[in-house]
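The values are calculated or read from the model by the stated rules, or taken from the named source; none is laboratory data. This structure is a prediction, so every number in the text was calculated from the model and none was measured. Cβ placement follows ideal geometry from the backbone for every residue including glycine, while neighbour counts extend to all protein chains displayed.
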Amino acid sequence: MMPAKTMGVKIKMTIDGKEYECEPNQTVLDVAGANGIPIPTLCFNPLFASHRSGSCRMCLVEVVAGGRPGLQPSCTLPVSSGLSVSTVSKQVYRARRLAVEFLVSEHTQKCRDCPASGGCTLAKFCRDYDINGVPVCSECPNQRESCLLKRGVLCMGPITYANCNAYCTRKGYRCEGCHSTLVNEDVLRFGLAAYRDAGFRAEDILEGAEVFAHDKVSILEAVMKREGML
Ligand code: SF4
Ligand code: SF4
């Protein structure tokens, strides 16, 4: 229930160039939701609306006027008079896409057994943000301490498309990258970071990547250069 001192007071803010009247105790996400403006969320649960961690970064909007400029989570961004935000700018799209990529790169994918099968929000976001694949690591049971990389084995899982249910690593072998490298450069960066953390040199990675098609290796090399690995 609204605090008594704010009852009846309306303020105006702008979303995507259109002005909306709202209550002072609302957030930008609230106003967008009330006016049918789609903003994706993962960690926000309307049943626990008083708890808003803003941690999934999916609901980011860009403040363009009337507030601290830049990207901010709309679920915790209070409305204020004159505030103007964009939900559709390039920066917003790119930041949300990065958030999904980060999630899928860390995600343990068990789609075959998942009760959300067919209605998976994360899968929907992958489609919405044009993310075509996740690394073999996401399907591999050897994550974290038992990962082959930690044992000095150059597994190509971090930069290889999944969908094989990590066939080889489940049998105790390394992934040799028979599917393909990830064409998505942002996700590739996560994979390269895993190699770097495990102490592999650029030459080792490129030697292992010889199994990939030439155009994929070129993408890999370009990203490695940008990451200062070559
Ligand atoms: S690097 Fe290889 S062993 Fe490690 S989690 Fe990825 S696929 Fe599994
Ligand atoms: S080598 Fe091929 S089948 Fe084996 S884990 Fe890698 S991508 Fe899957």
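Couple of notes before you dig in:
- Cβ pairs under 9 Å, 6+ apart, first in segment 209-230 and over 19 Å from Ala194 (Cα atoms), second at pLDDT below 90 and among the polar types (S, T, N, Q): Ala213/Ser180; Ala213/Thr181
Yes or no, residue by residue, for (1) closer than 29 Å to Arg96 by Cβ; (2) near ligand 1 (Cβ under 10 Å from one of its atoms); (3) not in a helix (DSSP H, G or I):
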{"residue": "Lys150", "(1), (2), (3)": "no, yes, no"}
{"residue": "Leu154", "(1), (2), (3)": "no, yes, yes"}
{"residue": "Gly191", "(1), (2), (3)": "yes, yes, no"}
{"residue": "Ala194", "(1), (2), (3)": "yes, yes, no"}
{"residue": "Leu206", "(1), (2), (3)": "no, no, no"}
{"residue": "Val217", "(1), (2), (3)": "no, no, no"}
{"residue": "Met224", "(1), (2), (3)": "yes, no, no"}
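- Enumeration of residues in segment 173-191 that are buried (at least 16 other Cβ atoms within 10 Å of the Cβ) and either within 9 Å of ligand 2 (Cβ to nearest atom) or free of Cβ contacts under 8 Å to residues at least 12 places away in the same chain (or both): Arg174, Cys175, Gly177, His179
- Only one of the numbered conditions (1) touching a Lys or Arg at 6+ places or on another chain (Cβ under 9 Å); (2) modelled with pLDDT of 85 or more is not met by Phe102, and that is (2).
- Of all residues in segment 39-54, those satisfying the criterion of being of a type in the set (S, T, N, Q) and modelled with pLDDT under 75 are Asn45, Ser50, Ser53.
- Condition check for Arg226: in contact with a Lys or Arg (Cβ under 9 Å, 6 or more places away or on another chain) and over 28 Å from Leu122 (Cα atoms): yes
- Neighbours by Cβ (under 7 Å, 6+ apart or cross-chain): first from segment 147-172, in the same structural domain as Lys216 (by TED's automatic domain parsing) and modelled with pLDDT under 90; second more than 7 Å from ligand 2 (Cβ to nearest atom) and among the acidic types (Asp, Glu): Ala162/Glu139; Asn165/Glu139; Ala166/Glu139
- In segment 156-180, the qualifying residues are those that are outside any loop (DSSP other than H, G, I, E, B) and of a type outside the set (Ser, Thr, Tyr), and the one that is nearest to ligand 1 (Cβ to nearest atom) is Gly157.
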